[in-house]
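Derivation of every value follows stated rules applied to the coordinates shown; laboratory data play no part. From a predicted model like this one, the values you see are computed outputs, not experimental measurements. Reconstructed Cβ throughout: ideal geometry from the backbone, glycine too, with neighbour counts over all protein chains shown.
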């Protein structure tokens with residue numbers, strides 16, 4: 001199963017084949033039912049994918065306005081704890 005994206009990186013616009021993958025906001029192992037939902041798949045180049053994994057979704061979005069826009073456009077909200085949750089498919093107490 002390939003996680004290569006057919007979309008460019010939302011941060012830098014990189015779009016070379018095999019250089020852009022999907023970052024799963026909800027981890028695939030924890031929430032396999034959300035693995036391919038478009039609101040859970042952030043297209044990132046390898047550089048930015050590594051960066052988001054080295055920090056957190058929230059810090060990454062605060063550094064990159066394009067990521068914050070992606071979260072907003074895809075229906076993500078922020079809990080009081082500062083973590084993102086998606087209200088369509090998860091009760092905010094589940095994540």
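Ranked by the mean number of other Cβ atoms within 10 Å of their residues, highest first, the peptides 52-59, 7-14, 73-80 fall in the order 7-14, 52-59, 73-80.
Quick one: divide the alpha-carbon radius of gyration of segment 1-45 by 2.2 N^0.38 Å and tell me what you get. Before the final figure, lay out each step's value.
On the way: Rg = 10.5 Å, N = 45, 2.2 N^0.38 = 9.3 Å.
After normalising by residue count via 2.2 N^0.38 Å, the value is 1.12.
Gyration tensor over the Cα atoms of the chain: the corresponding equivalent ellipsoid has semi-axes (square roots of 5 times the eigenvalues, largest first) of 21, 16, 11 Å. Enumerate the residues in segment 9-40 having an amide nitrogen under 13 Å from the point lying 7 Å beyond the Cα of residue 47 toward its Cβ. Residues 9-16, 20 fall inside that zone.
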